[in-house]
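The values are calculated or read from the model by the stated rules, or taken from the named source; none is laboratory data. None of these values were measured; they are calculated from a predicted model. Because the Cβ atoms are built from the backbone with ideal geometry, glycine has one as well, and the counts that use them run over all protein chains shown. What goes into the accessible areas is simple: the full protein's heavy atoms, side chains included, and nothing from ligands, DNA or RNA. Shrake-Rupley method; radii C 1.70, N 1.55, O 1.52, S 1.80 Å.
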Amino acid sequence: MSPLGVHGAVPPEFSEFFRAEYPRLVRGLAAAGATVEEAKDVAQEAMLELAGIWPNCRRPYGWVRKVAWHKYLKIAERDRKRTNGEWQACLCPQAVQDYDDPDEKEWVRQRLLELPPRQRAVVALYVDGYSTDEIAELLKMEVSTVRSHLRHARTALRRSIEGDRPEDGP
């Protein structure tokens, strides 16, 4: 019998997990810097691997994110080497989709682009609902480092927002 069950059938629990977590996984990867296409591809690959070990995986939420993140980092590294430093273009958050106003969407995207890549990744996961402990595990860093990235990102975003406000008249 295959890991997916009789005749390759997917267990109902995995189907539910996939439906709930795939969109979140894609949004998180895209917000961390992947293009939407890269995020979808990486998320699918990670989910397929998870399907193969589903019955034995005790922490599927963290496992699939960790695998997807590492797959994305390999893609980003390959692209960085291939383009000799022009890879910053692929770190553009593509998942700022919750805004109806195109100007507001672009403004938010620009503020996020001002953050360093690790801060952007931490903020993306935090906004997606992950705790600092979960983010630390996913990104293989200390919890204190995650908190530091969040603090620095908030400070940078606050300064950016305050810098965009019109000055009061004399």
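So, in region 19-34, how many residues would count as being without any contact (Cβ under 8 Å) to a residue 60 or more places away in the chain and either surrounded by fewer than 22 Cβ atoms within 10 Å (Cβ to Cβ) or not in a helix (DSSP H, G or I) (or both)?
5
Applying the selection to region 42-67, what residues are among the acidic types (D, E) and under 13 Å from the mean Cα position of the chain (by Cα)?
None - no residue of region 42-67 is among the acidic types (D, E) and under 13 Å from the mean Cα position of the chain (by Cα), so the list stays empty.
Given (1) in contact with an Asp or Glu (Cβ under 8 Å, 6 or more places away or on another chain); (2) crowded, with 21+ Cβ neighbours inside 10 Å; (3) closer than 18 Å to K140 by Cβ, identify the lone condition not met by G62.
Of the numbered conditions (1) in contact with an Asp or Glu (Cβ under 8 Å, 6 or more places away or on another chain); (2) crowded, with 21+ Cβ neighbours inside 10 Å; (3) closer than 18 Å to K140 by Cβ, the odd one out for G62 is (2).
Over 19 Å from E13 (Cβ atoms), in contact with a helix residue (DSSP H, G or I) (Cβ under 8 Å, 6 or more places away or on another chain), open to solvent by 70 Å² or more (accessible area, probe 1.4 Å) and of a type in the set (D, E): is that true of E45 in this structure?
yes
Give the residues of region 98-157 that are aromatic (F, W, Y) and open to solvent by 30 Å² or more (accessible area, probe 1.4 Å), sorted by residue number.
Hits for region 98-157 are Y99, W107, Y126.
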